[in-house]
1. So, of the residues in the stretch 19-38 that are in contact (Cβ under 8 Å) with a residue 12 or more places away in the chain and of a type outside the set (A, V, I, L, M, F, W, C), which turns out to be nearest to LEU167 (Cα to Cα)?
2. Return only the number of the condition from (1) closer than 23 Å to GLN61 by Cβ; (2) within 37 Å of the chain's Cα centre (by Cα) that GLU121 does not satisfy.
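Values quoted throughout were computed directly from the atomic coordinates according to the rules given, and no laboratory measurement underlies them. None of the values given here were measured: they were computed from a predicted structure. Here the Cβ positions follow ideal geometry from the backbone for every residue, glycine too, while neighbour counts run over all protein chains shown.
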Amino acid sequence: MRTAMGVWRWRRNPLRRPTDLFEAWVAFAALVCVLLVAPAVGWVAGRQVDGTLQQAAHEQQQERHLVPAVVVRPAAESEPVSGSAADPSAQRTAPHRTQIVAVWTAPDGSSHQGTVPAAEEPPHPGDRFRIWTDARGRLVGQPLDPSSAVFHAGMAGLAAAICVAALGETVRRLVVRRLMHRRYIRLDRAWAATGPDWGRAGAGS
């Protein structure tokens, strides 16, 4: 509102300089960017990300299956971890668990054995738990939840809106800084032209 009033005030003011009006319009454009453009960009970005994540979540839920597994024995330290359980990023985010050797039957009927994190501590041979696999029985991560996809899409949209708003404000500040620099240059030139005659009789000062 103050920006809009500033633009209106500088329309026909006798003290207005060309740069004053230009600066006011730049501020008004930045305000429109923050209030209108940034939310619109955030909404579009959020919709696109949500569509992509929802499609990925649907595909993962179709391709990944929760199957029963049985603990065979604790895994030796030299035994490699099977499937997605060997992913370093998953190991950093997931809490440390005892590695066990387990057997499970894939949705296609094939039997598998591998090293996976224990579902409970301490694990006991014969304990039953469930793991996520693909149709062929290979270990995979838990599929993306639709509600989590909505949350991540909202955060992406918010980040996009903030970036657009910050860009608009940054451009405004750079323009104002450039205008101030030009004003100081003109003031120095005017002072250099009138300064030597300041206070002299008949000089009009």
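1. Here the residue is GLU23.
2. (1)
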